[in-house]
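See structure below.
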Amino acid sequence: MEQTLYKVQHSKTQIRYAVLALFMAQGLCFASWASRLADIKALLSMESFLQFGFLVTLQPIGKLLAIPIVGYLMQRIGSKTAVMISLGGFITSLFFVGLTTNIYFLGTSFMLFGVFWNMTDISLNTQAIEVERMYGKTIIASLHAGWSIAACVGAVIGFLMINTEISPRLHFTIVTLIGLLVLIYCSRFLLTNIESNRETSNTAAPANEKKGFWTLITSEILLLQLGLVWLFALIIENTMFDWSNIYFEETIQAPKSMQVGFLVFMLMMTSGRLLANFVYRIWSKPRVLIVAGTLIFIGFFTSSVLIAPITNMVAKVIVNSLGFMLIGLGISCIVPTIYSIVGEKIKNIPVGTALSVMSLVGVVGPLITNVLVGFVADRWSMQGAYLTIGIFGLCIVAIVVISKKLRQ
């Protein structure tokens, strides 16, 4: 792997586990938010799926607004300070979501949550890619597995909070305090001034940075292809993140004690990421993407079509959970695999810039996901919406099969 210049003030192990802990803090905050969306919808007495979809779409709009902000921060202050600002804002915005009093306050909070979410994704994954280069082997999947483990813990905590009728406000306040403590302690171990140092060591980087996003995309066809895979993956992820509990509650009509959809999805997503490094030894990364896309489609087909004739509640929950597990296993490897391919194959563009370009393509996914799901659910059914989203798994397979550059 390509070696880069940066300030190493701590051991490789300290840096790696600090980045891992910050991924976990982000995962915990995210899962806490996702686990209570059904409760937030109920608190605001919203009955329309489409209305709720429009509200949640403010979060990916925030993600879109974040792209030029984080690009500026990465170039001016480096990814370490960008991580501190971004993750600190992400954690704090969760607290404001918990203060929900009306639809306007919630919409603003969702937008801020999205802004800092994408800023954290780009800046923290820049750190992760540089740590992987420092190690000289694939470790990003293990860092993303840490995110998923924390998200599983967050899903379990959310499940317990729901069943003990603890309010989202108290729930989110506790998680915010935990997240800020982790950030304060771990930020000292991060790599310093990565982007500015890489620019001085790579003569091609400054020239590329002067180009616009679309110029970079057209000159780097692999970047466009990875961006499209990321786009479809984000559509799938956001469907599961934002609608899993609602699907179990309003489509399966399971009692609260059996609303395990988001939890089983996150458990399998975590398991897949823990197994990723082993899978990379027996399959190429493009083949991993093909298998993942196939599992995603089968999972959505199971949860939307195969549950239709089932009337027994226990059987319906089991079959639907199996579908969610297949989706979780499939989606688990896609994002870390994309990031790893960027680190290996994109040589003439700084990491932060490459991720920002991909994010510009990928952010369209979250922008359309909730409106798409809400529209199809209102006009047809939630099962129809889930089957529609499952098709994007096949789109991932098609891109990898068609792309010679991705399979090289």
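The values are calculated or read from the model by the stated rules, or taken from the named source; none is laboratory data. As the structure is a prediction and not an experimental result, all values here were calculated from the model. No Cβ is skipped: glycine too gets one built from the backbone with ideal geometry, and neighbour counts run over all protein chains shown. For the accessible areas, the whole protein counts, side chains as well, though only heavy atoms, and no ligand, DNA or RNA atoms are used. Shrake-Rupley method; radii C 1.70, N 1.55, O 1.52, S 1.80 Å.
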message: Filter the range 43-61 down to the residues that are hydroxyl-bearing (Ser, Thr, Tyr) and either touching a residue at least 24 places away in the same chain (Cβ under 8 Å) or buried (at least 17 other Cβ atoms within 10 Å of the Cβ) (or both) and list them by number.
response: Ser48, Thr57
field: Conditions (1) of a type outside the set (S, T, N, Q); (2) open to solvent by 50 Å² or more (accessible area, probe 1.4 Å); (3) touching a residue at least 12 places away in the same chain (Cβ under 8 Å); (4) not in a helix (DSSP H, G or I); number of the one not met by Pro309
entry: (3)
field: Matching residues, the range 81-100, being open to solvent by 40 Å² or more (accessible area, probe 1.4 Å) and part of a helix (DSSP H, G or I)
entry: Thr81, Met84, Ile85, Thr92, Phe95, Phe96
query: Does Ala38 qualify as being of a type outside the set (Phe, Trp, Tyr), part of a helix (DSSP H, G or I) and modelled with pLDDT under 80?
result: yes
message: Take the conditions free of Cβ contacts under 8 Å to residues at least 24 places away in the same chain, in a helix (DSSP H, G or I) and crowded, with 21+ Cβ neighbours inside 10 Å and apply them to Val376. Does it pass?
response: yes
message: Taking the condition of being surrounded by fewer than 15 Cβ atoms within 10 Å (Cβ to Cβ) and among the aliphatic types (A, V, I, L, M), how many residues in the range 101-114 meet it?
response: 1
- request: Pick out the one residue from Thr353, Thr337 that is at pLDDT below 85, on the phi < 0 side of the Ramachandran plot and either among the hydroxyl-bearing types (Ser, Thr, Tyr) or open to solvent by 40 Å² or more (accessible area, probe 1.4 Å) (or both).
  value: Thr353
- request: Being farther than 21 Å from Leu28 by Cα and not in a helix (DSSP H, G or I) narrows it down to one of Ala292, Ala254, so name that one.
  value: Ala254
task: State whether the residues of the range 106-124 include one that is in a helix (DSSP H, G or I), within 19 Å of Ile15 (Cα to Cα) and in contact with a Gly (Cβ under 6 Å, 6 or more places away or on another chain).
output: no
- request: Taking the residues in the range 138-185 that are in a loop (DSSP other than H, G, I, E, B) and either without any contact (Cβ under 8 Å) to a residue 24 or more places away in the chain or among the hydroxyl-bearing types (Ser, Thr, Tyr) (or both) as candidates, determine which candidate is least open to solvent (accessible area, probe 1.4 Å).
  value: Thr138
- request: Kindly check whether there is at least one residue in the range 72-94 that is of a type outside the set (Val, Ile, Thr) and more than 22 Å from Leu190 (Cα to Cα).
  value: yes
query: Restricted to the range 237-269, and to residues that are open to solvent by less than 10 Å² (accessible area, probe 1.4 Å) and among the polar types (S, T, N, Q), which residue is modelled with the highest pLDDT?
result: Thr239
query: Quick one: in the range 379-408, which of the residues that are open to solvent by 30 Å² or more (accessible area, probe 1.4 Å), at pLDDT 90 or above and of a type outside the set (A, V, I, L, M) is nearest to Leu329 (Cα to Cα)?
result: Phe392
field: Residue that is over 23 Å from Gln59 (Cα atoms), in a helix (DSSP H, G or I) and either touching a residue at least 12 places away in the same chain (Cβ under 8 Å) or aliphatic (A, V, I, L, M) (or both), where the choices are Leu394, Leu367, Leu355
entry: Leu394
